[in-house]
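Computed from the coordinates by the stated procedures, all read-outs in this text should not be read as laboratory data. Since we're looking at a predicted model, the values are computed, not measured. As a convention, Cβ positions derive from the backbone with ideal geometry for all residues, glycine included, and neighbour counts pool all protein chains shown.
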Amino acid sequence: MGTSIAAEGPVPEPAAPRTGGLKSPSPRPRQPSLAQLRAFAAVAEHLHFRDAAAAISMSQPALSGAVAALEESLGIQLFERTTRKVLLSPAGERLAARARTVLDAVGTFMEEAEAARAPFTGVLRLGVIPTVAPYLLPAVLRLVHDSYPDLELQVHEEQTFSLLDGITSGRLDLLLLAVPAGAPGLVELPLFDEDFVLVTPRDHALAGRADLPRGVLRELDLLLLDEGHCLRDQALDVCREAGRASGGPVTTSAAGLSTLVQLVGGGLGVTLLPDTAVDVEATRSAGLATARFASPAPSRRIALAMRSGAARQGEFEELAEALRSALRGLPVRIVR
């Protein structure tokens, strides 16, 4: 047990710690509650305690207590009170705007949380490959507009390697592309298969044929997309399956399908188009014709792809099913 000793005469002040002449810092203010900030912001807006209490559905004593507790916890007088009016103190003027900013941010946070609880709301960042975007997006956008009006769809048209990087990094939420993508950590939701169609000049010997053997690809002057497009790789795979040597004549390439068909129309060679692109691209010039392969025709598969374990997996699966129905009018074979 400690012992107390009374000293005669004045008790000397305790020696101050050696801090280079600086005073000891004041205790840090306690963090305010949201209720205190709401009370403060309401009084700052109305400059009247009764009106402020009514505005935020709080009793006047509770509001007065919240403001007093806030002032005590901060160690700052926020208001100057007289019998006739309430005024903001200089410190209150500075902090009132900050309090409103905090309350607005909390409100936005809660709105976002509420939106996250509801399916098909908020932002959906969809990545699409260039050989799909112009031909499928009209159906996709119509579906979203009609069935999911609260969904904010953001479309990013990029090559496959960029899309895969985007979904891995979290920059994108969902992809619409040709599969298999060959990337780990992806779940693919197949939508449809579509055939490749040979596009030729109108006076070409194969123009209009409906029973082409794949072997015709071995020696044709084939025009392809530039490096980086998955359709280029798919077309080369088809050619290799047909027995075309890897060094076979691929004389010219282009950045997009529209350019490819113009080159075909100019007599520089032939190209392969996915069937969904034929009605758009092969009708650009009277100098173009098409030819179809005998069954089974070479084809590609288009799917939605998402991250494994995606928080919105249920939504994406429902969207995939809705897309299958919406795309039935296209020249495709729906798959699940």
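What to note about this one:
- Whole-Hz couplings from phi, Karplus 6.51/-1.76/1.60, listed for segment 261-268; x for Gly and Pro: 5, 5, 5, 4, x, x, x, 7
- Once the Cα atoms are used to define both axes, helix 230-241 deviates from the longest principal axis of the chain by about 30 degrees.
- Binned Cα-Cα distances of segment 68-186, short to long, each 10 Å bin given as a whole percent: 11, 25, 20, 12, 13, 12, 6, 1
- Dipole of the chain, positive end: most advanced residue of VAL67, PRO190, ALA99 [Cβ charges, Cα centre]: VAL67
- Amide H within-cut-off set for LEU212, under 5 Å, with H built and near neighbours excluded: ARG292, PHE293, ALA294
- Annotation: segment 22-119 has a Kirkwood hydrodynamic radius of 14.6 angstrom, from the mean reciprocal C-alpha pair distance.
- Calculated FRET value between LEU87 and GLN31, using beta carbons and R₀ = 25 Å, to 0.05: 0.45
- With a simple spin-label model that places each label point 7 Å from the Cα along the Cα-to-Cβ direction, the separation between ASP51 and GLU72 comes to 2.8 nm.
- For segment 193-336, the equivalent ellipsoid built from the Cα gyration tensor has semi-axes of 30, 17, 15 Å, listed from largest to smallest.
- With coordinates expressed along the principal axes, the C-alpha atoms belonging to the chain extend over 121, 51, 39 Å, beginning with the largest.
- Other residues within the sphere of radius under 13 Å centred on the Cβ of GLU80, judged by their own Cβ, net out at +1 (K and R +1, D and E -1).
- Principal-axis tilt of helix 90-117 within the chain, Cα atoms, nearest 10 degrees: 40 degrees
- Between ARG98 and GLU114, full extension at 0.36 nm per residue minus the direct alpha carbon distance yields a gain of 3.3 nm.
- Counted over segment 122-196 with a bin width of 10 Å, the fraction of Cα pairs per bin, in whole percents, is 18, 51, 29, 2.
- Bins of 10 Å, starting at 0 and running to the largest distance - Cα pair percent for segment 158-197: 27, 55, 16, 2
- Over segment 78-140: Kirkwood hydrodynamic radius from C-alpha pairwise inverse distances, Å: 16.5 Å
- Rounded tilt (10° steps) of 60-74 against the dominant C-alpha axis of the chain: 90 degrees
- Built amide H within the under 5 Å cut-off of HIS156, gap 5+: LEU126, GLY127, VAL128
- Diffusion coefficient of segment 147-249 by Stokes-Einstein, Kirkwood radius over Cα pairs, 37 °C, 0.692 mPa s: 197 µm²/s.
- Result for the chain in a Gaussian network model with C-alpha springs under 10 Å: among VAL238, VAL264, VAL86, the largest mean-square fluctuation is at VAL86.
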